[in-house]
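First the structure, in the form of structure tokens, and then the observations on it.
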Amino acid sequence: MAGGAGLAKRLGTLLSGLLECGAFCGIIFGWASLVFVLKDLGYFEELCQPSATPSPNLTLGSDCSRQDEQFSLVFTIGSFMNNFMTFPMGVIFDRFGTTAARLIAISLYTGGTLLVAFSTPEMAVLLFPAMSMLSVGGILLILTNMQVGNLFGNYRSIIITLYNGAFDSSSAIFLIVKLLYERGLSLRAMFLFLAACSAWHLLRTLFLMPHTRIPYPLPPDYDYGLQCRGRSRSYRTHKDKRPPGEAGPEETPLEPSAARGGDAPGTPFRACACSWLFAWHVAWLSVMQLRHYLFIGTLNPQLEHLARGDHALVSTYTNAFAFTQLCGVLCAPWNGLILDRHKRGKGPRPEGILAALADLRSAVLSLVVTVAQCLLFSVFAAVPVLPVQFGTFVLQVISRSFLYGGNAAFLAIAFPPQHFGKLYGLAMALSALVALLQYPCVALVQGPLQGDPFYMNLGLIAVVLMAFVSPVVVAHECQRRAKELGMAGTPLAAPPGTEIHAETPH
């Protein structure tokens with residue numbers, strides 16, 4: 001067991017990472033709250049046109065549907081960059097390690113907050129690069145944080161989903177910005193404060209994160225971060241007996257050796273990326289992410305439509321939506337619990353290839369539950385009754401927490417760890433291409449549908465049903481592997497913390 005100092009260091013890394021993800025990484029997804037402030041300040045106000053007829057977007061006698069489309073475009077581009085740039089950022093993370101990736105993330109995040117701070121209604125175009133920089137910086141920060149789960153082997157999936165839940169909760173930061181703005185604090189002062197918080201990210205990079213990556217499985221003598229000479233090493237599971245001249249813990253190979261269970265550490269990235277397992281997982285992620293992005297991107301005009309232009313009522317529902325986002329950090333670990341508990345089962349604990357198969361089989365239930373939640377959320381979102389949207393907000397945050405936490409956990413389970421950054425980035429990049437459909441969908445609602453998203457929501461329910469194919473593919477892959485091993489019908493419960501990837505996925 002690790003000593004007291006080792007446990008303290010691990011917990012310090014975990015808790016500081018939760019604070020980082022929960023306060024900074026995903027703030028762009030609180031866009032609806034920020035839009036409320038930006039509209040009040042007059043951003044893109046020149047796009048409003050005089051209107052003689054009542055409209056859901058009626059504001060002081062003006063039709064501001066074009067203003068709503070512009071704000072939607074800012075969010076579309078920002079969310080696209082959030083996903084699309086994850087692949088090159090994942091390559092940087094896998095190739096150059098944690099420190100290099102985090103320094104890039106901190107630079108982007110600081111630049112984005114400064115652009116918002118010094119933007120004005122006349123320079124509203126600065127919102128486009130600002131939101132993109134905040135998105136890319138935030139996703140890269142969480143990408144470097146998810147490896148912290150490797151420090152807690154038995155609870156790896158829970159930690160990964162916990163970080164993704166914190167990422168979701170960070171969208172409530174823009175609610176805080178909105179509430180403080182309503183009490184007289186300037187937008188510039190608040191974003192300058194967020195820019196100054198980059199010093200926190202830098203200190204954490206130096207003291208509580210590895211230079212390269214945290215390997216999995218964890219070597220018995222692994223340490224990370226800056227260490228003071230003359231003090232006892234933190235995070236040691238037994239006394240360090242490494243001979244002089246041997247490579248330090250940071251140089252420990254990340255791939256599990258073949259001797260540990262018949263793994264194939266040489267599985268190429270191309271084989272993983274071209275497998276049906278990965279392709280259908282990307283489809284699973286893409287359709288549900290599109291549903292969530294459309295909901296967030298069209299929330300303000302949809303609330304204005306349902307509230308018939310009542311400004312105070314729209315503000316109340318916007319605040320309610322932002323408050324529910326705080327619950328993301330509480331919802332996401334339940335998905336990790338499904339993965340970590342379900343894979344253990346009640347039978348004997350297999351090792352090696354059977355453990356990898358048990359891990360993959362445990363993901364089926366998680367994938368099905370996530371799709372069912374998104375389907376229920378889509379049904380609630382399609383109901384054109386304003387009070388029903390309170391239920392929609394709750395279902396949305398639960399579904400979104402399960403979606404992103406489950407995505408990261410599945411990729412960590414189903415594919416070799418040395419490709420995690422690249423596969424995570426590729427999955428997000430490909431899903432970003434699908435997410436671009438949100439802008440023509442918004443234009444469809446604002447144009448031919450005259451501000452009523454009802455028929456679009458019905459179509460999205462049908463699209464979400466496609467995501468059920470992914471767990472079927474995973475279940476079929478499990479059966480195929482079990483038959484090949486001659487172990488069909490045998491309980492395949494994995495021991496805690498065992499994440500071994502048995503073979504090239506099909």
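The values are calculated or read from the model by the stated rules, or taken from the named source; none is laboratory data. Predicted model only: the values in this text are computed from it and were never measured. Neighbour counts are summed over all protein chains in view; Cβ atoms, including those assigned to glycine, are modelled from backbone coordinates with ideal geometry. Just so you know, the surface numbers come from the protein's heavy atoms only, side chains and all, with ligands and any DNA or RNA stripped out. Shrake-Rupley method; radii C 1.70, N 1.55, O 1.52, S 1.80 Å.
Here are a few things to note about the model shown:
- Reported count of residues in segment 287-299, each being within 13 Å of PRO453 (Cβ to Cβ), open to solvent by 10 Å² or more (accessible area, probe 1.4 Å) and of a type outside the set (Gly, Ala, Ser), is 1.
- Being modelled with pLDDT under 90 and in contact with a helix residue (DSSP H, G or I) (Cβ under 9 Å, 6 or more places away or on another chain) is not true of LEU103.
- Residue that is modelled with the lowest pLDDT [pool: residues in segment 308-365 that are of a type in the set (Asp, Glu) and over 18 Å from PRO387 (Cα atoms)]: GLU351
- Within segment 182-196, tally of residues that are in a helix (DSSP H, G or I) and open to solvent by 50 Å² or more (accessible area, probe 1.4 Å): 5
- Residues of segment 124-133 include none that is among the aliphatic types (A, V, I, L, M) and at pLDDT below 90.
- For PRO50: the one exception among (1) open to solvent by 10 Å² or more (accessible area, probe 1.4 Å); (2) closer than 24 Å to GLY405 by Cα: (2)
- Meets criteria (basic (Lys, Arg), at pLDDT below 85 and more than 30 Å from TRP334 (Cα to Cα)) for ARG213: no
- LEU126, sole failed condition from (1) farther than 30 Å from THR370 by Cα; (2) in contact (Cβ under 8 Å) with a residue 12 or more places away in the chain: (2)
- Per the conditions (1) surrounded by fewer than 15 Cβ atoms within 10 Å (Cβ to Cβ); (2) modelled with pLDDT under 80; (3) closer than 27 Å to TYR155 by Cα; (4) not hydroxyl-bearing (Ser, Thr, Tyr), the sole criterion not satisfied by GLU484 is (3).
- In segment 1-43, residue farthest from VAL116 (Cα to Cα) [restricted to those that are at pLDDT 85 or above and of a type in the set (D, E, K, R)]: GLU20
- Against the criterion of being of a type in the set (A, V, I, L, M) and either in a loop (DSSP other than H, G, I, E, B) or open to solvent by 50 Å² or more (accessible area, probe 1.4 Å) (or both), LEU218 qualifies.
- Residue selected from segment 44-65 under the condition in contact with a strand residue (DSSP E or B) (Cβ under 7 Å, 6 or more places away or on another chain) and not polar (S, T, N, Q), by the criterion modelled with the lowest pLDDT: GLY61
- Close Cβ contacts (under 6 Å, 6 or more residues apart or on different chains) running from residues in segment 455-474 that are in a helix (DSSP H, G or I) and surrounded by 15 or more Cβ atoms within 10 Å (Cβ to Cβ) to residues that are of a type in the set (Ser, Thr, Tyr) and modelled with pLDDT of 90 or more comprise LEU460/SER378; ILE461/SER378; VAL464/SER378.
- For segment 383-396, a tally of residues being open to solvent by less than 10 Å² (accessible area, probe 1.4 Å) and not in a helix (DSSP H, G or I) returns 0.
- Members of segment 397-424 that are more than 20 Å from PRO88 (Cβ to Cβ), among the aromatic types (Phe, Trp, Tyr) and open to solvent by 10 Å² or more (accessible area, probe 1.4 Å): PHE402
- Helices (runs of 4 or more DSSP H) wholly inside segment 263-339 that include at least 3 residues being over 19 Å from the mean Cα position of the chain (by Cα) and in contact (Cβ under 8 Å) with a residue 24 or more places away in the chain: 269-273, 299-306, 311-325
- Residue within segment 222-230 that is among the polar types (S, T, N, Q), modelled with pLDDT under 90 and either under 18 Å from LEU11 (Cα atoms) or open to solvent by 10 Å² or more (accessible area, probe 1.4 Å) (or both) present: yes
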